[in-house]
Amino acid sequence: MQPVVLSNQPNTLTKLSLPIIILGCILGLFLSIAVLSGDAEGRVNLFYLLLVYLFIPVLGALISVGSLLGNKGVNFARLVSDLPIWSSSQRAYLAKIRQIRVEKQWFFLQSQAAALAYATASLITFLLLLLATDINFVWRSTVLTAEQLLPVLKVVASPWWFWEDAQPTAELLRLTQDSRLNASYTNTGSFGQWWAFVLATQVVYSFLLRGLLLLFAKWWVKKLTNSESKNTSSLKTKPIVNKFSENHKLSDISRSLPAEYALINWAGLPDDIVSQLALHPNQILEVGPLTNNHTEAAFDIRQIILVKAWEPPMGELQDFMKHNKGLLYPVNYKHNKLVPALPNHLEEWQRFTAEMSDWGVYQERETGEHNNGE
């Protein structure tokens with residue numbers, strides 16, 4: 001899968017995730033083919049169609065909205081994010097979303113995109129089979145009668161009251177009620193008349209419903225990230241030098257590495273960036289927010305922890321460092337090439353490590369000409 005890079009532009013967060021969309025499309029295609037294939041005689045159960053084109057989309061929308069009301073919530077996109085299909089750069093992208101506190105809104109946005117992909121695959125499958133085959137729509141029930149079912153279907157069809165051919169009728173329900181004991185049918189032309197109702201159900205409860213939620217989610221995420229960007233910009237306009245006055249102690253910058261050490265790619269730096277670093281660790285530890293390992297583990301060996309120079313220190317990193325010892329290595333890069341870390345970024349990490357006696361900051365060489373990182 002194509003790696004995803006999270007830039008400083010707010011609009012980046014409103015871009016749709018291709019893996020999540022693909023899985024939504026596959027799910028819609030699989031379920032549509034399954035229900036539209038019908039039985040051995042080619043009869044398609046109307047109730048199964050309502051399950052795939054009405055119940056699942058509406059229930060999914062309710063779950064997505066409910067995920068916004070809870071502390072974490074569950075939706076399709078969040079479940080997909082737990083699958084082992086993500087590259088290291090994509091996991092870093094997800095970790096960054098969690099750090100900037102738009103995780104819940106981002107997953108809500110991606111769930112709507114997945115639902116639209118589900119609806120697209122379902123509709124294309126339905127139209128192709130409608131054109132290429134004769135679909136016979138029937139319904140079966142042991143306890144329901146046509147008179148009992150009609151009011152429910154009329155409620156479902158109320159959004160398209162103006163489309164007469166797509167409205168259910170008592171006569172159509174009686175003509176298309178199927179019995180497994182009755183092998184002879186009259187008025188077989190009636191079995192194809194449900195197509196307009198099924199099509200309208202997909203358009204309204206899949207496309208229209210999720211499309212509106214998608215527009216709302218994109219607006220919300222963009223608003224949140226624009227607000228965060230303005231707050232960050234206002235902080236950058238304040239003098240940084242005063243922050244590190246005599247009231248703040250700075251740790252020294254080390255130019256040498258321990259004889260033995262373990263490497264931790266805490267920030268999820270790309271492999272091509274790590275390969276440019278003059279590092280020869282005795283072992284590599286899979287620890288940090290991009291892994292499933294406990295971040296309060298203690299190790300006997302000293303560690304070199306790779307962090308992105310321009311990102312602020314996080315509490316989760318501090319919790320890990322309290323149980324260990326070593327050096328933080330702030331790395332700066334641009335266009336997949338290493339560049340020196342900016343002095344104000346290094347000072348932030350020096351202040352951070354000065355609070356812990358067993359930690360310091362490592363840099364391979366003196367900083368010369370500086371460039372902004374990615």
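Rank Met356, Met314, Met321 by accessible area, highest first, at a 1.4 Å probe radius? Don't jump to the answer; show the numbers that get you there.
Values: Met356 25, Met314 75, Met321 0 Å².
From most exposed to least exposed: Met314, Met356, Met321.
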Under 5 Å between amide H atoms, partner at least 5 residues away or on a different chain: which partners does Tyr333 have, H built in plane at 1.01 Å? Val339, Glu374
Under a crude label model (7 Å from the Cα following the beta-carbon direction), how far is Ser141 from Leu79 in nanometres? 2.7 nm
The stretch 195-200 - phi-based ³J(HN,Hα) in whole Hz, Karplus 6.51/-1.76/1.60, Gly and Pro as x: 4, 5, 5, 5, 4, 5
For labels at Ala298 and Leu68 in the simple 7 Å Cα→Cβ model, what's the distance in nm? 4.6 nm
Which residues' amide hydrogens lie under 5 Å from the amide hydrogen of Trp266, considering only partners 5 or more residues apart or on another chain, with H built in the peptide plane? Leu306
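The values are calculated or read from the model by the stated rules, or taken from the named source; none is laboratory data. Quick caveat, the model's predicted, so the values are computed rather than measured. No Cβ is skipped: glycine too gets one built from the backbone with ideal geometry, and neighbour counts run over all protein chains shown. Ligands, DNA and RNA are stripped out before the accessible areas are found, and what is left, the full protein with its side chains, is counted by its heavy atoms. Shrake-Rupley method; radii C 1.70, N 1.55, O 1.52, S 1.80 Å.
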